[in-house]
Amino acid sequence: MAKVVILVLGTDYWKRGVLSVALAALFVIAAAGRIYGVTLTVDARGNGRAISPYIYGVAYAPSADYVKAGGFGLVRWGSTGASAYNWLAHATNVGADWYFSNTSGINSLDPVTPCNFLQRGKTSGAAGIITIPALGWVARDTTSYSFSVSRYGQQAATNPERPDAGNGIRRDGRTLVGNNPRDSRVPSFAYRRGHEAADSVFMDEWIRSMRQHCREAKPILYAIDNEPEIWHVGHRDVHPKPAGYDEILRTFLEYANVVKREDPEGLVTGPITNGWYNYWSSELQGDKAAHGGEDFLPWFLQQVRTHDQATGRRSLDVLDVHFYPAELFSSNHSDPLTNSLRLRTTRSLWDPSYGDETTLTRYSPDHRQPDPTRLMLIPRLLRLLRRTYPATRLGISEWNFGAGHTINGGLVAAEILGIMGREGLFLASHWQGPRGYPDPDWPSFQAFRLLRNADGKGTRFGDRSVPARSSDWDRLSVFAAKDGRGDVLTLLVINKDPAQDLTAQVQVEGFKPAKHALLYRLSAANPSTIARETPISVFKPTFPATFPRYSATLLVLPSARSP
């Protein structure tokens with residue numbers, strides 16, 4: 001069955017009356033003997049909000065050219081390994097990610113120094129966020145490891161490159177305990193108190209060093225460590241027991257206060273919570289009950305606010321969490337049913353009517369939050385911030401819905417970027433293992449390029465959102481934004497149908513376009529690049545536009561008053 005869509009768009013300057021009746025009649029279209037219609041409405045006069053450039057973030061960008069090509073607005077130095085980074089030795093321990101082995105730099109794949117990494121972003125206009133280790137132990141050198149086979153006995157697996165470096169699991173499946181942290185680590189602290197071991201590392205000195213040596217490329221954002229509630233998993237060689245509410249709070253405040261002292265202009269993010277379950281509970285048995293059954297994030301925010309009111313200085317600027325939709329990310333499956341679910345699951349970021357279809361909420365702790373199976377993640381957390389610590393911004397410094405190497409993953413990434421801008425997120429960073437970033441030919445990378453550098457010359461989605469809606473969001477979604485001067489209106493339209501092209505008639509309220517609209521497209525036909533399509537005529541109240549199957553299209557409409 002052929003499928004047709006009407007994208008309805010009204011303007012201030014076209015006469016209404018008979019024209020309105022005619023447009024209404026156009027809404028119903030016969031297609032192969034059946035009637036089907038989807039309404040997409042854009043209101044360029046409506047109240048929108050500024051879109052933060054920091055939502056277009058990526059971890060461990062490999063070069064300045066990569067940052068420029070993707071149009072990224074934020075580069076992130078942060079991961080399991082970042083918790084153990086020793087700035088003096090330029091070394092880290094990657095923990096459970098790779099046999100608890102030390103390596104040069106933040107990982108063996110890219111031993112770039114922090115200042116050079118930040119310069120990659122600065123060169124292309126991207127801000128930097130640096131993770132400040134708060135775990136208490138950092139790598140002692142670039143060659144040591146935590147679980148020596150010769151010292152601790154045979155283990156289930158060993159590092160292929162270092163046969164003596166085990167994974168800390170005995171062959172019978174039991175976790176190895178009692179290792180000496182100093183086998184691979186040295187102590188680290190927020191600042192000197194005077195009694196520390198001679199080989200200790202201090203984070204205040206690192207912040208001072210970055211301000212001095214990175215100069216104009218110094219970070220503007222500092223994340224206090226990474227996923228502390230699962231330190232006992234990623235770094236069980238030095239933190240074998242789960243961190244509870246009190247430890248996470250105490251550690252955050254100690255290191256955040258050091259950041260504010262050393263870089264008063266720096267923005268602090270925390271507590272960098274691992275995922276949905278840990279938003280509401282720690283992994284420490286009995287910990288929640290010991291805190292009166294309070295959900296973790298509301299408790300944390302209230303405690304931080306009380307501390308800040310007492311000290312007269314804000315320690316938390318951005319509530320920072322991670323979000324992965326359970327099995328969609330971990331499996332990377334791309335069969336038709338999973339692909340459809342992956343696209344629908346983007347609604348969990350914003351839609352109060354959408355019930356979670358993954359396993360994410362099945363194992364949630366007993367929490368006090370309303371509508372526990374309806375995540376509406378961004379509005380939920382923004383509402384929490386307004387209630388507990390107003391003026392705190394919201395970030396999701398790791399996210400991934402899986403299958404970024406497929407066109408389905410690319411469309412999902414484009415949809416998520418549109419949602420984050422519309423819903424008012426302050427920062428976000430895409431994570432693609434094992435390196436942190438997607439390959440340039442992956443559709444997930446191309447999704448960033450579509451919104452931020454579609455033509456390779458800076459053409460991008462606008463920086464102030466305006467209202468846009470669809471009567472059938474699961475098949476065709478739309479986002480809209482204007483540039484800072486209001487001279488250009490941009491539409492992002494995503495056809496989620498894997499089999500059918502959808503044809504639309506387009507009209508916009510409150511904006512008089514010039515005669516032609518430019519089109520840029522990521523599609524199943526060209527999943528590894530952004531294609532510039534033939535411009536379409538827009539001088540009539542409605543104009544035809546076809547959105548190919550499984551595609552994301554950026555329409556750029558200059559104003560008639562533009563030079």
* Assigned charges on the beta-carbon of Lys, Arg, Asp, Glu; the chain dipole about Cα centre (debye) -> 1620
* Structure fact -> note: the range 486-563, Cα-Cα separations exceeding 15 Å make up a percent value of 55
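Test of understanding: what is the full-extension gain from residue 485 to residue 211, defined as 0.36 nm times their sequence separation minus their Cα-Cα distance?
Once the chain is fully extended between residue 485 and residue 211, it gains 95.2 nm.
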* To do: Output the antiparallel fraction of DSSP beta bridges having both residues in the chain, as a percent to the nearest 5.
  => 60
* To do: Please order 63, 144, 282 by the number of other Cβ within 10 Å, starting at the fewest.
  => 63, 144, 282
* Asked: In which sequence would 522, 489 go, from the one with the fewest C-beta neighbours within 10 Å to the one with the most?
  -> 489, 522
* Structure fact -> Listed with the fewest Cβ neighbours within 10 Å leading, 425, 450 appear as 425, 450
* What distance in nm separates the simple spin-label points at residue 232 and residue 193, each placed 7 Å from Cα in the Cβ direction? -> 2.3
* log₁₀ of I(q)/I(0) at q = 0.15, 0.19, 0.21, 0.24 Å⁻¹ - the range 370-454, Debye sum with one point per alpha carbon -> -0.62, -0.89, -1.00, -1.17
* Mind checking which of 70, 396, 209 is farthest towards the positive end of the chain's charge dipole, using Cβ charges of +1 (Lys, Arg) and -1 (Asp, Glu) about the Cα centre? => 70
* Can you tell which of 233, 367, 156 lies farthest toward the positive end of the dipole of the chain, using +1 and -1 charges on the Cβ of basic and acidic side chains (Lys, Arg; Asp, Glu)? -> 367
* Asked: For the range 194-260, max minus min Cα coordinate along each principal axis, in Å, sorted largest first?
  -> 39, 29, 20
* Which whole-number percent gives the relative contact order of the range 53-452, counting Cα pairs below 8 Å spaced six or more residues apart? -> 16
* Convex hull of the range 32-134 built on C-alpha atoms - directionally averaged projected area, nm² -> 12.4
* Asked: Which of the aspartates and glutamates could be linked to residue 122 by a straight reach, that is with a Cα gap under 12 Å, when you skip same-chain ones fewer than 8 residues away?
  -> 65, 216
* When all C-alpha to C-alpha distances in the range 279-356 are sorted into bins of 5 Å, what percent of pairs does each bin hold, rounded to whole numbers? -> 3, 12, 15, 14, 15, 14, 12, 8, 5, 2, 1
* Stretch gain in nm, segment residue 474-residue 156, where the contour uses 0.36 nm per residue and the Cα spacing is subtracted -> 109.9 nm
* Cα principal axis extents for the chain, largest first, Å -> 83, 51, 48
* Theoretical gain in end-to-end length, residue 391 to residue 546 [0.36 nm per residue, Cα-Cα removed] -> 51.6 nm
* Å³ per residue of the Cα convex hull, for the range 280-411? -> 123
* Structure fact -> In the chain, taking the dipole from +1 charges on Lys and Arg beta carbons and -1 charges on Asp and Glu beta carbons about the Cα centre, the listed residue (522, 168, 127) farthest towards the positive end is 522
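Values in this text are rule-based calculations from the coordinates and carry no lab data. Not measured: the values here are computed from a predicted model. Please note: Cβ atoms are built from the backbone with ideal geometry, for glycine as well, and neighbour counts cover all protein chains shown.
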